[in-house]
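Working notes, beginning with the structure itself.
The values are calculated or read from the model by the stated rules, or taken from the named source; none is laboratory data. All values reported here derive from a predicted model rather than from experimental measurement. As a convention, Cβ positions derive from the backbone with ideal geometry for all residues, glycine included, and neighbour counts pool all protein chains shown.
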Amino acid sequence: MADGDALLLSLFASALSHRRFGDQELRLLDAALSAGADVPALLHTRSSARQLLRESAAQAFSVPDLGTTTRLSIAGFFARAFALAGDVESCLAMRYEALLLREAKYSDDLHLQVSNEEWLTFAKDCLDNGFYTIASKAFANALAPIDPSRLGYLDSTNSILKKDKINDISGLQNLAKSLSALRSVQTQSAQYMKRKASEVNEMCNLHLEKEKLPGISMFRLGIKTRNIQKLHRSRERNLEEV
């Protein structure tokens, strides 16, 4: 990390340690992330910033007796900071925290209550970035304010639009559920194959220690071990593509 990058990031860290979470601090972070002399320097600064932000966020929320307004402000700040640093997972986590806080505290406040559009936007972002379980929950929250039983009170045009919207959101929610279930199955399969490959290797080593196997047995055992290892690698590639 260049001296300029380090200085700016150090100033940003100092601001966080003094619990200053405002636009000025975000501008300081943006400057630090943009000050690298080359691509490796930029990547190193970005990595350092992500680690700093994760540690600082944990510390910021660990203070006892934080009020809802303060927690919302902190979550909003770190959501923007993580977005600048390119930490998608942490950014979504902060946004989710803020949405849940508002849902719990301000459900009757017309200005602060979470709209179904906000839940829908968040759900789509989670779906696009592979966080399928959270996406499914967010789609459910997006559907909650749309009460199908009241569609009859709307005029025909609005009623059709509402029904189409419900169908669209429900379709996305089902997609998120399917992808979440698929990932779970593939993870379990990969773990099973890894365990079986380990067992075969142990069995092979045990046999070799006890006695020298005939050539045909060694050959068959080798084929079995190789096939399990190939299947394990194939499962891992499939997981990476999901």
* Would you point out the residue of region 59-95, among those that are touching a residue at least 40 places away in the same chain (Cβ under 8 Å) and among the hydroxyl-bearing types (Ser, Thr, Tyr), that is surrounded by the fewest Cβ atoms within 10 Å (Cβ to Cβ)? => 73
* Structure fact -> By residue number, the members of region 1-51 that are surrounded by fewer than 16 Cβ atoms within 10 Å (Cβ to Cβ), of a type in the set (Gly, Ala, Ser) and more than 24 Å from the chain's Cα centre (by Cα) are 2, 4, 6, 10, 14, 17, 22, 31, 34, 37, 41
* Structure fact -> The residue from 15, 57, 75 that alone is modelled with pLDDT of 95 or more, within 23 Å of residue 124 (Cβ to Cβ) and of a type in the set (Gly, Ala, Ser) is 75
* Asked: Restricting to region 58-75, what's the tally of residues that are under 20 Å from the mean Cα position of the chain (by Cα) and either farther than 14 Å from residue 20 by Cβ or of a type in the set (Ser, Thr, Tyr) (or both)?
  -> 4
* Scanning for something among the small types (Gly, Ala, Ser) and modelled with pLDDT of 65 or more, does region 155-167 turn up at least one residue? -> no
